[in-house]
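Before any comments, here is the structure.
Each reported figure results from applying straightforward, stated rules to the coordinates on display, with no laboratory input. The shown structure was predicted, so the numbers you read here are calculated from the model rather than taken from an experiment. All Cβ positions, glycine included, derive from the backbone under ideal geometry; neighbour counts span all protein chains shown.
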Number of protein chains: 2
Amino acid sequence: MKITDIRTHSVKLEGAISNAVVSFDDHDVSLVAIVSDVMRGGRPVVGFGFNSIGRYAQRGILLDRIRPRILAATPDSLLGEDGCQLDPAKVYAVAMKNEKPGGHGDRASAVGALELAVWDLNAKLDDRPAYAAIAEACGRSAKLVPVPVYAAGGYYYGTGSGKTLGDELQGYLDLGFDAFKIKVGGATESEDLARIEEALKLARSGAHLAVDANGRFDLPGGLAFGRRIAPYNLRWYEEIGDPLDYALNQAMAHCYDGPIATGENLFSLQDVRNLLNFGGMRSGRDIFQMDAGLSYGLTEYFRILELLESRGFDRAQVFPHGGHLINLHIVAGLGLGGCEAYPGVFKPFGGYPDSCPVTDGTVQPSDAPGFGLEEKPEIAAAIRRLMA
Amino acid sequence: MKITDIRTHSVKLEGAISNAVVSFDDHDVSLVAIVSDVMRGGRPVVGFGFNSIGRYAQRGILLDRIRPRILAATPDSLLGEDGCQLDPAKVYAVAMKNEKPGGHGDRASAVGALELAVWDLNAKLDDRPAYAAIAEACGRSAKLVPVPVYAAGGYYYGTGSGKTLGDELQGYLDLGFDAFKIKVGGATESEDLARIEEALKLARSGAHLAVDANGRFDLPGGLAFGRRIAPYNLRWYEEIGDPLDYALNQAMAHCYDGPIATGENLFSLQDVRNLLNFGGMRSGRDIFQMDAGLSYGLTEYFRILELLESRGFDRAQVFPHGGHLINLHIVAGLGLGGCEAYPGVFKPFGGYPDSCPVTDGTVQPSDAPGFGLEEKPEIAAAIRRLMA
């Protein structure tokens, strides 16, 4: 088999919202198609992937650097041992040809979208869901276990907005969620504490409520807020300061007894290694949120998981950032701790299709081939535009 | 004043060469123009910048994210206190609007090219060279002192290539250089040691010869090679391992007594802070090679220098990566340790124009307004194409 084309569109996110640091008004995502020469029902089998949410589409890097490298490679050099499928690790290596080490930012998103499209293509060639292909690649059982999922959101509402945090969280309960994550760090301490108290009424206990500062705090601010929230025994305290400030994370881990969550803005194995070497992360307690679509794809993600386990961490501590169907398959296939969801926002990529309902705080992928992106009508529409 | 347009071209590098890790065959650089509404001689004053060498042009990020943000900003919101010039820090902040923290890679190059074009524009508006504007911005004297410069290269030549390392280095001596940097890590240890011996014959002493492993070694390899080269008392041992592997750098600094050089692949203040916190860099000994064009421009670079000095390092320890006219102005304006040059390669951006001859191992910027990029004929040609 060989790749006959690689296509990409930048797809704007709908349902714009803001966290403590950025607005998602102008954010977009790269939808990537890998077109194979394998024909099924008179049409080529195509793999689709995208680079998760929050770091923008990567049209330039994909079209100027990565696509030419892949299309210039000898087709056989990209294949696995059986000669019938692409080898994701080989595609990753060719995509990175002549790229210098370090500087893991936008490039990691561009490669991530492409590498995930390889997984979608391979699973479709086998006519099976991606989680099964992912599980098999890691020597794991493909038996499906419901994936714990929590509703992320908990936005700030102005006094005249006609909506409250309680309304928002009640909506999540009505959708089948039983755990939430809310924003902190974007208001005064007393306002944030009042929001936590309001959320706890619906969450029933701190074990069902996490807070996310989106990197807003410096160390004194993070420590002060940590002292105030410690009595609530929250599920976790997320992205307290700059995501690369390992010294801050280490100090937080020394002083805040509850779980700390971070990693969604670490985009490579080496960045995660630095977090483990210097960030004070605690085995059996803290939460890792790396996102394959933002960090070169699953090949790199497998290496990251291997590193975590070699340092005594458990994959149950891993909850990928993103809240979308690709990461649901990854969590299910790899047996990670769970998923997030952002109900109603980050469309078309955010959220799960009707074939994956949320029940009792869990969700599971359907049996559609690949990541099943075609089952989500708004992604299916973007796919039709890309392939038109 | 206001910005009327921002233009960019991706300009291919000529004179392709390889180091131990990458080939520069397909590398390009973003040339950026900021067009102002200030007219001189019937034409608008235009600032030009580029994003240094080695990390590719950033067409997508510049055109899709950064240009729209700058052009959408209220013109006055980008001006300095006098209202007559752009404020580089304000342009930087607007360029980063809605960008998440972390992930300092390609984005840092895109912003760097733009921010440097602001400095070129401002200096042209004052009809003075950029080094003087840079010096003044930091409260330094604009008096010009010749800048130490070394010739970087020292490539590998096949036995049938008809050229030797000695030929190459003799060519640099003939051009006025008195110090070199050569590649290591791309051949066997004995071959690399023989190359060092060959280079020392022309360099006269280890103090005039640095070696660059381009991140090739793991820790055992870096340590082993370090033990072998220690007796030569080389000027420095550069980029030994992965540029983000602070633990490796720390171990090297504990074990290798000579100067270590790194930083060209660190693209933000936070990454440099991590190097200082965890990398074992030694005051008065080791060398920092951060490059403003790859790391968000001079606004971020000033913050990096301030951090270095606050931790007891000296700006004489700073030798920016790049080997081009923009960094010559930066080194001269800020009183840094010195510059590199890559004679004959990385054209059109590499190297210095005839108005900046190399003499006795030093070079200095001319009095052309701004960075004087127009004095280098091959850059001038690229500028004409961009503005056509």
> Once Lys and Arg get +1 and Asp and Glu get -1 on their Cβ, which of B:Ala89, B:Ala247, B:Pro320 lies farthest toward the positive end of the dipole of chain B?
Replying inline: B:Ala89
> Taking N as the number of residues in chain A, what is its Cα Rg relative to 2.2 N^0.38 Å?
Replying inline: 0.96
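So if we plug the beta-carbon distance of A:Ser77 and B:Ala388 into 1/(1 + (r/R0)^6) with R0 = 41 Å, what FRET efficiency do we get, rounded to 0.05? Present the calculation step by step, with values, prior to reporting the outcome.
On the way: r = 40 Å, r/R0 = 0.98.
FRET efficiency, A:Ser77 to B:Ala388: 0.50.
Suppose the chain between B:Arg315 and B:Arg140 were pulled fully straight at 0.36 nm per residue; how much longer would it get relative to their current alpha carbon spacing?
Details: separation 175, 0.36 × 175 = 63.00 nm, distance 1.29 nm.
Here the answer is 61.7 nm.
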> From the backbone phi of region B:226-234, what are the Karplus-calculated ³J(HN,Hα) couplings (6.51 cos²θ - 1.76 cosθ + 1.60, θ = phi - 60°) in whole Hz, Gly and Pro given as x?
Replying inline: x, 4, 6, 8, 3, x, 7, 6, 5
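Exceeding 23 Å between C-alpha atoms, which entries from my cross-link table qualify? They are A:Lys347/B:Lys97; B:Lys12/B:Lys90; A:Lys12/B:Lys100; A:Lys183/A:Lys347.
Details: A:Lys347/B:Lys97 21 Å; B:Lys12/B:Lys90 30 Å; A:Lys12/B:Lys100 17 Å; A:Lys183/A:Lys347 20 Å.
Beyond 23 Å between Cα atoms: B:Lys12/B:Lys90.
Of all beta bridges DSSP finds with both residues in chain A, what is the antiparallel percent, to the nearest 5? Mind dumping the intermediate values first?
Details: 23 of 42 bridges.
Antiparallel bridges: around 55 percent, rounded to the nearest 5.
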> Counting only residues 5 or more places away or on other chains, whose amide H sits under 5 Å from the amide H of B:Thr362 once H atoms are built in the peptide plane?
Replying inline: B:Val149
> So, with +1 on the Cβ of K and R and -1 on the Cβ of D and E, and no other charges, what is the size of the charge dipole of region B:1-120 about its Cα centre, to the nearest 20 debye?
Replying inline: 260 debye
> Taking the Cα atoms only, what angle lies between the long axis of helix A:298-310 and the longest principal axis of chain A, rounded to 10 degrees?
Replying inline: 50 degrees
> Helix B:165-175 sits at what angle to the longest principal axis of chain B, using alpha carbons and giving 0 to 90 degrees rounded to 10?
Replying inline: 50 degrees
> In region A:122-173, with Lys and Arg counted as +1 and Asp and Glu as -1 at Cβ, which of these residues, A:Leu169, A:Thr159, A:Ala137, has the Cα nearest the positive end of the dipole, that is, farthest along it?
Replying inline: A:Ala137
>> Explain nothing, just the number: dipole magnitude of the protein assembly as shown about its Cα centre with +1 on each Lys and Arg Cβ and -1 on each Asp and Glu Cβ, in debye rounded to the nearest 20.
In response: 420 debye
> Which whole-angstrom value gives the distance between the alpha carbon centres of region A:31-46 and region B:76-93?
Replying inline: 50 Å
>> P(r) for region B:49-128, please, calculated from all Cα pair distances in 5 Å bins and given in %.
In response: 3, 15, 25, 25, 17, 10, 4, 0
> Mind checking Rg over Rh on region B:251-365, alpha carbons, Kirkwood formula for Rh?
Replying inline: 0.98
> What full-extension length gain, to one decimal in nm, is calculated for A:Asp25 and A:Arg204 as 0.36 nm per residue of separation minus the Cα-Cα distance?
Replying inline: 61.1 nm
> Binned at 5 Å from 0, what are the whole-percent values of the Cα-Cα distance distribution for region A:326-366, short to long?
Replying inline: 5, 23, 32, 28, 10, 1
> Relative to the first principal axis of the alpha-carbon coordinates of chain B, what is the inclination of helix B:106-125, with its axis defined by its Cα atoms, in degrees from 0 to 90 and to the nearest 10?
Replying inline: 60 degrees
>> Show log10 I(q)/I(0) for the protein assembly as shown at q = 0.06, 0.08, 0.12 Å⁻¹, two decimals, from a solvent-free Debye sum over equal Cα scatterers.
In response: -0.38, -0.68, -1.44
> Label A:Arg40 and A:Asp174 with points 7 Å out from Cα along Cα→Cβ: what is the distance between them in nm?
Replying inline: 3.8 nm
>> Considering the Cα positions of region A:157-288, please state its Rg to one decimal place and its Dmax as a whole number of Å.
In response: 15.2, 47
> Which of B:Leu294, B:Leu202, B:Ser355 sits closest to the plus end of the dipole of region B:201-360, meaning its Cα is farthest towards the positive end, when Lys and Arg get +1 and Asp and Glu get -1 on the C-beta?
Replying inline: B:Leu202
> GNM on chain A, C-alpha springs below 10 Å: top fluctuator among A:Ala113, A:Ala95, A:Ala72?
Replying inline: A:Ala72
> Dipole magnitude of region B:223-359 about its Cα centre, charges +1 at Lys/Arg Cβ and -1 at Asp/Glu Cβ only, in debye to the nearest 20?
Replying inline: 280 debye
> Just from its helices, what would the mean residue ellipticity at 222 nm be for the protein assembly as shown, if runs of 4 or more DSSP H residues each count -39500 (n - 2.57) and the sum is divided by every residue, rounded to the nearest 500 deg cm²/dmol?
Replying inline: -10500 deg cm²/dmol
> Considering amide H positions built from the backbone, and no H for Pro or chain starts, which residues 5 or more places from B:Ala261, or on another chain, come under 5 Å of its amide H?
Replying inline: B:Tyr237, B:Glu238, B:Glu239, B:Ile287
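When A:Cys339, B:Cys356, B:Cys138 are ordered from fewest to most other Cβ atoms inside 10 Å of their Cβ, what list results? It would help to have the intermediate numbers written out before the result.
Working: A:Cys339 28, B:Cys356 20, B:Cys138 13.
Ranking A:Cys339, B:Cys356, B:Cys138 by Cβ neighbours within 10 Å, fewest first, gives B:Cys138, B:Cys356, A:Cys339.
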>> Counting only other chains, and only Cβ atoms inside 10 Å, what mean value do you get across the residues of A:52-64?
In response: 5
>> With every atom except the alpha carbons ignored, what do you get for Rg and Dmax of region A:340-388, in angstroms?
In response: 11.5, 39
> Points 7 angstrom from Cα along the Cβ direction at A:Glu197 and B:Asp126: gap in nanometres?
Replying inline: 5.5 nm
